[in-house]
1. Can you work out the PRE-style zone for Asn171? Point 7 Å along Cα to Cβ, and I want the residues of the stretch 14-28 with backbone N under 17 Å.
2. Quick check for you: with a 1.4 Å probe and neighbouring chains kept, what is the accessible area per residue of the stretch 96-163, in Å²?
3. Which of these, Ile160, Ile178, Ile18, has the largest mean-square fluctuation under a Gaussian network model of the chain (Cα springs below 10 Å)?
4. Helix-only mean residue ellipticity at 222 nm, the chain, DSSP H runs n ≥ 4 weighted -39,500 (n - 2.57), per residue, nearest 500. What is it?
5. Expressed in nm to one decimal, what extension gain is obtained for the pair Asp19 and Glu76 from 0.36 nm per residue of sequence separation less their Cα-Cα distance?
6. Within 10 Å, count the other beta carbons around each residue, average over each peptide in 50-57, 67-74, and list them highest first.
7. At 1.4 Å probe size, with the rest of the protein present, what percent of the exposed accessible area of the stretch 50-182 is carbon and sulfur atoms?
8. Sorted by mean Cβ packing within 10 Å, highest first, what order do the peptides 141-149, 27-35 take?
Amino acid sequence: KIEVLHFPVEEFFNSTSIDHATICKKFQLPENKKKILFYGRGFYKNLDTSLKVFKNLVDKDIPVVLVKLGGRQDMEIEDLYKDKIIEIANLTRNEVAEICKIADVLLFPSIYEGYGLPALEAMKSGLPVVCSNSASLPEIVGDAALTAHYSDVNFFTDAICKLLTDQEFYNQKKQEGIKRAEIFNVDTYADNLLQLYNDALYNN
């Protein structure tokens, strides 16, 4: 039997404290608004659903901005919402980690994923995850994230609303994510990889 080999995520994504104000200033992000994080450019990242969810949150008078990583992209969205969307490109891995640590929720309704690294990076950073239950994502997030079909706008909206308005629930999902991410560590990865090679050598 060969166990799934979980690739580790860089240690600088660890949920250590940072200077929130300094990072906000560095990336020109508002300090006094909740930050919904979104990764990616491809169609399968499902920006359309994320925009619908974001509009719902704004319409509910929740003070939010959408922080989109991965480069500028044409968006079909009314001007009322566009000034609340911040696109950031050309980031180092360490800078992505910094943004994860000052964001409030990762919204990741991906249609499919080969691995789902953004969800893992978010959990390791202490960022609650709201994502689709597609492809590899359930294996990555387990029960730590709030998941639904990638087109379920109402579920994603309600999940984020609960996270942003219920501090106890928010802390619970944060800690569950941190604990879940612990299984994706370098030592475990190295041990599993060595075991796979030893098994292959023994079987041959």
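The values are calculated or read from the model by the stated rules, or taken from the named source; none is laboratory data. These numbers were taken from a predicted model, which means no experiment stands behind them. Using ideal geometry, Cβ is built from the backbone for each residue, glycine included, and neighbour counts are taken over all protein chains shown. Surface accessibility is based on the protein's heavy atoms, side chains included, excluding ligands, DNA and RNA. Shrake-Rupley method; radii C 1.70, N 1.55, O 1.52, S 1.80 Å.
1. Inside the label zone: 17.
2. Values: 1930 Å² over 68 residues.
Ligands and nucleic acids excluded, the figure is 28 Å² per residue.
3. Answer for the Gaussian network model of the chain: Ile18.
4. Values: 9 runs with 95 residues, N = 204.
After summing the helix terms and dividing by the residues of the chain, the value is -14000 deg cm²/dmol.
5. Numbers: separation 57, 0.36 × 57 = 20.52 nm, distance 3.43 nm.
Full extension of this stretch gives 17.1 nm more.
6. Values: 50-57: 21.5, 67-74: 16.0.
Taking the mean over residues of other Cβ atoms within 10 Å, the ranking is 50-57, 67-74.
7. Working: 2620 of 5830 Å².
Using a 1.4 Å probe with all protein chains present, the stretch 50-182 comes out at 45 percent carbon and sulfur.
8. On the way: 141-149: 19.1, 27-35: 13.4.
Highest to lowest by the protection proxy: 141-149, 27-35.
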